[in-house]
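Each remark here refers to the structure printed beneath this line.
Only the coordinates and a few stated rules stand behind these numbers; no lab work does. Keep in mind the model is a prediction, meaning the values are calculated, not measured. Note that each Cβ is placed from the backbone with ideal geometry, even for glycine, and that neighbours are counted across all protein chains shown.
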Amino acid sequence: MPIRLEDYTSIVGTYVIEELRLLAEKLAGKTIQTINSTAVGGGVAEILHRLVPLLSELGVQIRWDVIRGGTAFFEATKSFHNSLQGEAGQLSEDIFKVFLETTEQNLRLIEFYGDIIFVHDPQPIALVKERYKGHAHWVWRCHIDLSNPQAQVWDFLRPFVEQYDAAVFSSANFAQPLKVKQYLIAPSIDPLSDKNKELTQEFIRDFLEKYQIDPKRPIITQISRFDHFKDPIGVIKAFRQVRPNFDCQLVLAGGEATDDPEGAQVLQEVQAEAGKDKDIHLLLLPPTADLEINALQRGSTIIIQKSLREGFGLTVTEALWKGKPVIASAVGGITLQIKHNLTGILVHSIEGTAYAIKNLLTNPEYARKLGENGREHVRQHYLLTRHLKDYLLLFLAIDRGTDGIVYL
Amino acid sequence: MQPKWHAKEGFRFYSCLHLFELTGRKARNLKELVKHLREVDDSVIFNHTHNFLIRHHYLTPQPPSAFTHWVKESLKEEWLGEQLEGINTIEFTSLKDLREKTLSTIESYIKKNRRYRIAPEGEEFFFLRSLEFVFPTPYLATNIYEFVEALRVISPNSLYFHFFTARLRLGRGTNDFSHWIETSLGEKELADRIAQLDPYMYTLEELREVLIAMLEAEIDRVLRRKR
């Protein structure tokens, strides 16, 4: 059964839903056309599958179009993606040529009709060439970390971005010097998705038993792919400083990195570091194991995210939403989500992580309070309904072209 | 029912929602903070001195303004952080004066200390402008009883609008509730007591409770006097 707006009422409160309806009324008569590069797979498609039906339910005229492209095009945009996230190395001229040729093909295929054309990420970015043929407003939504882009790719893409009316970024430090207005809209999680919905105690217990994790002893968990930037070795070292005085278990859960040579290498290192310690569980879960990840988070006593670098850190959002005390590094978007000692604990080192684990295991009431605050922080700022509200406000801001105070 | 508690004019509750615009400005140290503080518009100043109220309205104790938080947490300038905390926002009726006070506090510290701590990478202060979208809610009070009932159910955003936006951002000099209670209900003494509250010391939910308690006490007091 499709999820409806009213399904969120019990989670976020009536007034949030009422305010969404009110905002949507102010967009009456406007058409939004949203364009991205894929209908399935990936975070952008996932969020659009949720947001587009909810916007329609609110009465907003919205249509979703997807660009087409061959393997060479998507390889080109994958290299753009990596370069924009800071990967060094020059790209060949052919890559840019393929990108522009496919854009031209899509310009012929797509019918542009919206009052606001909302384009996601770099793949369809150059469609903005079309803007001079109509009166629509164009907005570019960047979902990726642009804090340290490789110059060649960014110099190529920036002139396209500057033809838009506005750009939208997920974090203040992802923004770039641009001639157009820039808005800040954080990502969100869906509290009704398999990854975040409530689960029965029985389901959680079955999951833990399946992986031979003892539900009676404290469980300390980090969920992330096996990657040096997530510092799984550091997590094991912190656990080893705790274990002599506290009877607890560590779970490191991540995807099976069969197609990622670096991931396989890191996994080997983690396996070597864990050795034969029966209190360290390494779980290889497929990326589709949303319910299992949910169960693991809900079954854990403490959740760690000891990243050395991080984008927004949605795994932290998910853990906070489950009311768990979270210990995480003060990097990237994590600092937006965790206010030290209020909604979680921020750390900078292995020693700091170990101390925080001991502190939380010794003081369950403090741990409970952090978890409670963290869940409330996510409820207020990082759920899908807030994302929906921000998009409605964005469309209103673009349509009305004002800043400061806007009377609706 | 006391006739004087019927309002000359009804009170329509408004609410507000915010969208954040990135200004492209960031500061890594106090000198840069001062430079941008001088140049940004009032929407930016209001955002960084008030956003915490909306953002953390369910937390106790409340984190301070964003400037104070950054100075203490990212620059580790504890003493200056305390001086900034000491700025009593409720004393200011214009953003211009609040900006000047913030600037003079930081500048006098810089003059005395002559050193610049640098914020770690990623912890720079990013200046954001808040776009505030204001809209009427269905709640209308034509007497003090309806006003109290509406106060129980309005969103925290509505409370924020009438108490903080109205007074400082819109430059009305006082909060909308005090204005209405004085001009439409003729209850000047009650209006003044509400205006004298320091709303920055409460979460929005606490503020709601304090206001309801004050209004109920007033109703009770007058009713007892009449008996």
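Go ahead and set up a Gaussian network model of chain B, Cα springs under 10 Å, then flag whichever of B:Gly24, B:Gly173, B:Gly186 fluctuates most. Looking only at B:Gly24, B:Gly173, B:Gly186, the largest GNM fluctuation is found for B:Gly24.
The modelled label-to-label distance between A:Gln90 and A:Ile405, using points 7 Å beyond Cα along the C-beta direction, is 5.5 nm. Checked against a 32 Å cut-off, the cross-linked pairs A:Lys129/B:Lys31; A:Lys237/B:Lys112; A:Lys306/B:Lys76 give Cα-Cα distances beyond that limit for A:Lys129/B:Lys31; A:Lys237/B:Lys112. The alpha-carbon positions of chain B define a convex hull whose volume is 122 Å³ per residue. Using alpha carbons only, how many angstrom separate the centre of segment A:116-188 from the centre of segment A:1-78? Cα centres, segment A:116-188 to segment A:1-78: 18 Å.
Of B:Thr23, B:Thr203, B:Thr174, the residue with the greatest mean-square motion in the GNM of chain B, using alpha carbon springs below 10 Å, is B:Thr23. Taking trypsin sites (Lys or Arg not before Pro) across segment A:164-200, the ones in a DSSP loop with at most 13 further Cβ atoms lying within 10 angstrom of their Cβ are A:Lys179, A:Lys197. Counting only lysines at least 8 places from B:Lys188 when in the same chain, those with an alpha carbon closer than 22 Å to its own are B:Lys4, B:Lys8, B:Lys226. Of B:Arg193, B:Arg225, the sequence from fewest to most neighbouring Cβ atoms within 10 angstrom is B:Arg225, B:Arg193. Averaged over the residues of peptide B:14-27, the number of Cβ atoms from other protein chains lying within 10 Å of each residue's Cβ is 6.
Using R0 = 22 Å, the C-beta based FRET efficiency linking A:Ala28 and A:Leu109 works out to 0.15.
Rg of the Cα atoms in segment A:201-381, relative to 2.2 N^0.38 Å, amounts to 0.94.
Here segment B:17-129 is treated as a sphere whose radius is the Kirkwood value from Cα pairs; by Stokes-Einstein at 25 °C and 0.890 mPa s it diffuses with a coefficient of 171 µm²/s. Using only side-chain charges placed at the Cβ, +1 for Lys and Arg and -1 for Asp and Glu, the dipole size of chain A relative to its Cα centre rounds to 860 debye. Here chain A has an Rg and Dmax of 22.5, 70 Å, counting Cα atoms alone. Among B:Ser108, A:Ser300, A:Ser79, the ranking by other beta carbons within 10 Å of each residue's beta carbon, starting with the fewest, stands as B:Ser108, A:Ser79, A:Ser300.
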